Amino acid sequence: MPLWTVHHSAGIYSAHDKRDFARDITSFYTRIGLPAFYVVVVFEEHEAESFWIGGEKAKDSVRFVIEHIAVHSDGAGQRRGLSKAIHRLVAPYTKDRGLYSEFHVDETPRELWMVDGLEPPPFGSTAEGLWAEKNCPVPY
């Protein structure tokens, strides 16, 4: 499961922006075969008095906390490639709009993850393909 928590300054994203951004994030993962329902995006809007960077009010800023559970990167080269791909993904919603942004990715062990009481199937397996096809968890 990729879980994206998007902390952002108040008023910079409309409901339409959030929908499009969440869909783009979902597509980023479904193109490698993950089920769409794995992808969770939470937008956390912060007023100026509640969002600070470097001791200053963070206006026109976005901070992404990304948690990967379903798939992990393998080695420094793959992690660097992932970072560059994430930067390209978020740029239309951040850099291209003149917003300051940063992100980090945590990778949680799969053994600490369940969906509706089921252990998710291995990445790339036939069972995971079934989950993707049905877009919901099913016993396997």
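The values are calculated or read from the model by the stated rules, or taken from the named source; none is laboratory data. Model, not experiment: these values are computed from the prediction. Neighbour counts are summed over all protein chains in view; Cβ atoms, including those assigned to glycine, are modelled from backbone coordinates with ideal geometry. Keep in mind that these areas ignore ligands, DNA and RNA; they rest on the heavy atoms of the full protein, side chains included. Shrake-Rupley method; radii C 1.70, N 1.55, O 1.52, S 1.80 Å.
Among the conditions (1) surrounded by fewer than 14 Cβ atoms within 10 Å (Cβ to Cβ); (2) under 16 Å from the mean Cα position of the chain (by Cα); (3) not hydrophobic (A, V, I, L, M, F, W, C), the only one that Ser101 does not satisfy is (1). Kindly indicate the residue of the stretch 110-136 that is without any contact (Cβ under 8 Å) to a residue 24 or more places away in the chain and assigned to a loop (DSSP other than H, G, I, E, B) and also surrounded by the fewest Cβ atoms within 10 Å (Cβ to Cβ) among those meeting that condition. Restricting to residues being without any contact (Cβ under 8 Å) to a residue 24 or more places away in the chain and assigned to a loop (DSSP other than H, G, I, E, B), the top hit is Gly117.
Does the stretch 56-73 contain any residue that is touching a helix residue (DSSP H, G or I) at 6+ places or on another chain (Cβ under 7 Å), closer than 17 Å to Thr5 by Cα and not hydrophobic (A, V, I, L, M, F, W, C)? The answer is no; no qualifying residue exists.
In the stretch 82-103, the residues that are closer than 15 Å to Trp4 by Cβ reach residues that are open to solvent by less than 80 Å² (accessible area, probe 1.4 Å) and in a loop (DSSP other than H, G, I, E, B) with C-beta atoms within less than 6 angstrom, at least six apart or across chains, in these pairs: Leu82/Ser73; Ser101/Thr94. Among the residues of the stretch 70-89, those that are open to solvent by 40 Å² or more (accessible area, probe 1.4 Å) and over 16 Å from Phe123 (Cβ atoms) comprise Ala76, Gly77, Arg79, Arg80, Ser83, Lys84, His87, Arg88. Summed over the stretch 24-50, the residues that are open to solvent by 40 Å² or more (accessible area, probe 1.4 Å), aromatic (Phe, Trp, Tyr) and in a helix (DSSP H, G or I) give a count of 1.
Give Arg79, Arg63, Arg110 a once-over and let me know the one that is at pLDDT below 95 and of a type in the set (Lys, Arg). Steps first, answer last, please.
Working: Arg79 fails: at pLDDT below 95; Arg63 fails: at pLDDT below 95.
Just one listed residue meets the conditions, Arg110.
Screening Ala85 against (1) small (Gly, Ala, Ser); (2) farther than 28 Å from Ser9 by Cβ; (3) out of contact with any Pro (no Cβ under 7 Å at 6 or more places or on another chain) leaves a single unmet condition, (2).
Residue check: is Asp96 open to solvent by 80 Å² or more (accessible area, probe 1.4 Å) and under 18 Å from Ala22 (Cβ atoms)?
Values: open to solvent by 80 Å² or more (accessible area, probe 1.4 Å): yes; under 18 Å from Ala22 (Cβ atoms): yes.
Criteria met by Asp96.
Residues in the stretch 54-64 that are open to solvent by 20 Å² or more (accessible area, probe 1.4 Å) and in contact (Cβ under 8 Å) with a residue 12 or more places away in the chain were compared, and the one that is farthest from the chain's Cα centre (by Cα) is Lys59. Can you find a residue that is outside any helix (DSSP H, G or I), among the acidic types (Asp, Glu) and surrounded by fewer than 16 Cβ atoms within 10 Å (Cβ to Cβ) anywhere in the stretch 15-23? So far as the stretch 15-23 goes, no, none of its residues is outside any helix (DSSP H, G or I), among the acidic types (Asp, Glu) and surrounded by fewer than 16 Cβ atoms within 10 Å (Cβ to Cβ). Tell me which residues, restricted to the stretch 82-109, are part of a loop (DSSP other than H, G, I, E, B) and farther than 30 Å from Lys59 by Cβ. Scanning the stretch 82-109 gives Thr108, Pro109.
Only a single item in (1) under 12 Å from the mean Cα position of the chain (by Cα); (2) open to solvent by less than 40 Å² (accessible area, probe 1.4 Å) is not met by Glu67, and it is number (2).
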